Amino acid sequence: MSEELKKRLTPMQYEVTQRNGTEPPFQNEYWNKKEEGIYVDIINGEPLFSSTDKFDSGCGWPSFTKPLSEDLIVEKSDLSHFMIRTEVRTKSSDSHLGHVFNDGPPPTNLRYCINSASLDFISKEQLSEKGLGQYLELFK
């Protein structure tokens, strides 16, 4: 799987998802994206976050108040870089997404700070054609 992923992903996508890397803030694809749609796992296309839960946290990475479902992610303690943080990974592909912090807006007070390199974006208009039509309800 690792060699196949190295061929399919960009070096940054591989570094982030497979080696727990972090892309530069404010220099990534989705940090300021405003379009409506769903953010999916770059590895397997599983829906993870919605633009309806996205907010501008000022941190330079896409930030969300919650995932589409708690069943899609795993949270783990991360003691790297002399910090205590909570890492967010995908349950199905075990890819590193980013971290979750408790300094977000109500109602969750959470900030899922996610690397763009771990995500792909499916616009609201493409949801049905990509087999994700059930998420159109979020945008009414």
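Each reported figure results from applying straightforward, stated rules to the coordinates on display, with no laboratory input. Only a predicted model underlies this, so the values are computations on that prediction, with no experimental measurement involved. A quick note on method: Cβ atoms are made from the backbone with ideal geometry, for glycine too, and the neighbour counts reach across all protein chains shown.
A simple spin-label model places pseudo-atoms 7 Å from Cα toward Cβ; at D103 and D78 they are separated by 1.5 nm.
Annotation for E35 and S123: the two label points, set 7 Å from Cα along the Cα-Cβ direction, are 0.5 nm apart. Couplings 3J(HN,Hα) of the range 103-117, computed from phi: 10, x, x, x, x, 8, 6, 10, 10, 7, 8, 10, 6, 4, 5 Hz, in residue order, whole Hz [Karplus 6.51 cos²θ - 1.76 cosθ + 1.60, θ = phi - 60°; x for Gly and Pro]. Ignoring lysines fewer than eight residues from K124 along the same chain, the ones with Cα atoms less than 20 angstrom from its Cα are K33, K34, K54, K66, K140. In the range 29-88, a dipole from Cβ-located charges (positive for Lys and Arg, negative for Asp and Glu) runs towards its positive end, and of L72, I43, C59 it is C59 whose Cα lies farthest in that direction. Taking springs between alpha-carbon atoms closer than 10 angstrom, which of N102, N115, N28 fluctuates most in the Gaussian network model of the chain? Of N102, N115, N28, the Gaussian network model singles out N102 as fluctuating most. Peptides 9-17, 53-61 ordered by packing proxy, namely the average of other Cβ atoms within 10 Å per residue, highest first: 9-17, 53-61. Summing Lys and Arg as +1 and Asp and Glu as -1 over all other residues whose Cβ lies under 10 Å from the Cβ of S118 gives a net charge of -2.
Once a ≥ b ≥ c are taken as the square roots of the eigenvalues of the Cα gyration tensor of the range 2-125, is the result rounded (a/c under 1.5), prolate (a/b larger than b/c) or oblate (a/b not larger than b/c)? If you can, show how the numbers build up before the last one.
Values: a/c = 1.42, a/b = 1.12, b/c = 1.27.
Judged from the Cα gyration tensor, the range 2-125 comes out rounded (a/c under 1.5).
Per the Cauchy relation, a quarter of the hull surface: what is the mean projected area of the convex hull of the alpha carbons in the range 16-66, in nm²? Write down the numbers at each step before the final one.
Working: hull surface 15.0 nm².
Mean projected area for the range 16-66: 3.8 nm², to one decimal.
Calculated FRET efficiency, E137 to C59, Cβ-Cβ distance, R0 = 35 Å: about 0.75 to the nearest 0.05.
Dipole magnitude of the range 1-105 about its Cα centre, charges +1 at Lys/Arg Cβ and -1 at Asp/Glu Cβ only, in debye to the nearest 20? Intermediate values should be presented prior to the final figure.
Numbers: 12 positive and 18 negative charges, 39 e Å.
In debye, rounded to 20, the range 1-105 gives about 180.
Put in line by how crowded their Cβ is, counting other Cβ atoms within 10 Å and starting with the fewest, T52, T90 read T52, T90. Placing pseudo-labels 7 Å out from each Cα toward the beta carbon at Q27 and T52 gives an inter-label distance of 3.5 nm.
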